[in-house]
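The block underneath contains the structure these notes are about, expressed in structure tokens.
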Amino acid sequence: MMKRVYLIGYMGSGKTTLGKAFAQAAHLQFIDLDWYIEERMHKSIKDLFAERGEEGFRQVERNMLHEAGEFENVVIAAGGGTPCFFDNIDYMNRTGETVFLNASFEALFRRLKVAKSKRPLLSGKTDEELKEVIRNGLAERMAFYGKAKHWFPSDYLESREQISESVEQLK
Ligand code: S3P
């Protein structure tokens with residue numbers, strides 16, 4: 001049977017980490033939507049935001065989601081904002097299995113503190129500002145993330161062992 005899995009969730013929730021490991025274990029292709037966009041557009045996400053603004057980026061992201069959604073037997077790690085614009089979440093629910101990676105505020109803050117530079121919505125923020133962005137972002141986005149068909153706890157992705165355990169559970 002054809003399989004198409006979309007991983008959704010906030011920045012830092014482990015979509016790429018878990019997606020890669022899961023795809024390998026389940027013998028599926030892996031597409032990270034951010035990377036796919038960067039390759040197709042020959043531009044970094046940062047430059048796309050700078051040149052087109054967030055609105056322009058969201059349009060590109062939507063189009064690329066529809067391209068990536070043509071692939072079969074694939075795990076697609078969406079961007080953190082992907083399900084929250086246009087009818088993207090409905091599109092994903094219609095064309096595959098959606099899994100929301102549910103990470104706690106604390107885990108997100110800890111991870112994003114050291115991984116904010118490539119993310120235009122976070123770069124240059126102080127710790128306090130970062131907390132505020134995460135708090136507000138989660139509050140706004142839960143309505144979209146919550147529409148996923150499956151929820152998966154993703155606080156425990158700190159070691160190889162934890163990642164393989166999560167992959168086993170996800171299977
Ligand atoms: C975004 C998340 C990013 C990337 C862009 C915007 C968001 O993806 O698409 O920086 O709005 O949450 P990751 O969740 O892979 O960091």
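Any read-out appearing in this document is the output of simple, stated calculations on the displayed coordinates, not a laboratory observation. Remember, it's a predicted structure, so these values are computed and weren't measured experimentally. Here the Cβ is made from the backbone with ideal geometry for all residues, glycine too, and neighbour counts use every protein chain on show.
Here are a few things to note about the model shown:
- Order of 160, 4, 52 under a 10 Å beta carbon neighbour criterion, fewest first: 160, 52, 4
- Vicinal HN-Hα couplings computed from phi for the stretch 74-84 (Karplus, 6.51 cos²θ - 1.76 cosθ + 1.60; Hz; Gly/Pro x): 8, 10, 10, 8, 6, x, x, x, 3, x, 9
- Of 46/116; 15/171; 116/171; 46/113; 43/113; 43/147, pairs whose Cα-Cα distance is over 20 Å: 116/171; 43/113; 43/147
- Inter-centroid distance (Cα atoms) of the stretch 108-171 relative to the stretch 1-69, Å: 15
- In this structure, the amide hydrogen of residue 31, modeled 1.01 Å from its nitrogen in the peptide plane, lies closer than 5 angstrom to those of 75, 76, 77, counting only residues at least 5 positions away or on a different chain.
- Here the 3J(HN,Hα) profile of the stretch 121-135, calculated from phi with Karplus coefficients 6.51, -1.76 and 1.60 at θ = phi - 60°, is 6, 10, 5, x, 7, 6, 4, 5, 5, 4, 4, 4, 4, 5, 4 Hz, Gly and Pro shown as x.
- Contact order normalised by residue count of the chain, Cα under 8 Å, 6+ apart, percent: 34
- Qualifying GluC sites (Glu not before Pro) in the stretch 1-84, DSSP loop, other Cβ atoms within 10 Å at most 11: 70, 72
- Computed from the Cβ-Cβ distance with R0 of 25 Å, the FRET efficiency linking residue 27 to residue 159 stands at 0.60.
- When 95, 17, 82 are sorted by how many other C-beta atoms sit within 10 angstrom of their C-beta, beginning with the fewest, the order is 95, 17, 82.
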